[in-house]
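Working notes for the structure below.
The values are calculated or read from the model by the stated rules, or taken from the named source; none is laboratory data. Here the structure is a predicted model, which means the values were calculated and not measured. So basically every Cβ, Gly included, is an ideal-geometry build from the backbone, and we count neighbours across all protein chains shown.
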Amino acid sequence: MSDTSKSPWIIHYDGSSCNGCDIEVLACLTPMYDVERFGVINTGNPKHADVFLITGAVNERNIGVVKQIYSQMLEPKVVVACGACACSGGIFHDCYNVIGGVDKAIPVDAYVPGCAVRPEALIDAVVAGLGILEEKRAALELAGSYEPKERTSPSEQEQLEAADPQPLLEEPAEIEAQADIDVNADEEPGE
Ligand code: SF4
């Protein structure tokens, strides 16, 4: 058994949910369900994550973000569609800009129905996802392309950020320079 299947890290993205399912995802982390006791950590970094939890349907605005987060996750990885909206579009499936469930954008490994989805069902899906993760890891190992993910724990991450704080925003001069470029790009020659 690998480190990923013993203590999987998850990343959570709210596609276009009503927030009902997101509250249930967060409930998994509260003392009531406390999945951290099993080594499950909610990370904000796709490169650190093994399991991608998505709530809400895929629409014209978020499909690029869903694909980008997925592509930034390193193999092996597992995708869990959380709730009716993520599975199929749910009550939003007829909306003008809704494309459908998460599988319209990326491959999904586990579907968890419910409106809202129950925390117990989510935990079940993550546990089922561990088996899939292990299978994918074994296949990569056989192919000779498996590389363990390098991860920093939340406390190590805090220490790194304290030692080398990153600016939250770009420098004003850089933003102005970019604005100039964008404005000029829209102009017709000779205007
Ligand atoms: S499945 Fe229900 S609770 Fe979850 S995001 Fe959709 S409407 Fe909200």
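Of note:
- So residue 79, is it in contact (Cβ under 8 Å) with a residue 60 or more places away in the chain and closer than 26 Å to residue 143 by Cβ: no
- Number of positions in the range 92-134 that are within 16 Å of the ligand (Cβ to nearest atom) and in contact with a Cys (Cβ under 7 Å, 6 or more places away or on another chain): 9
- In this structure, residue 65 does not satisfy being more than 12 Å from the ligand (Cβ to nearest atom), surrounded by 17 or more Cβ atoms within 10 Å (Cβ to Cβ) and β-branched (Val, Ile, Thr).
- Residue match in the range 7-21 (condition: near the ligand (Cβ under 10 Å from one of its atoms), touching a residue at least 24 places away in the same chain (Cβ under 8 Å), in a helix (DSSP H, G or I) and over 10 Å from the mean Cα position of the chain (by Cα)): yes
- Some residue of the range 43-51 being in the same structural domain as residue 23 (by TED's automatic domain parsing), among the β-branched types (Val, Ile, Thr), under 12 Å from the mean Cα position of the chain (by Cα) and not in a helix (DSSP H, G or I): yes
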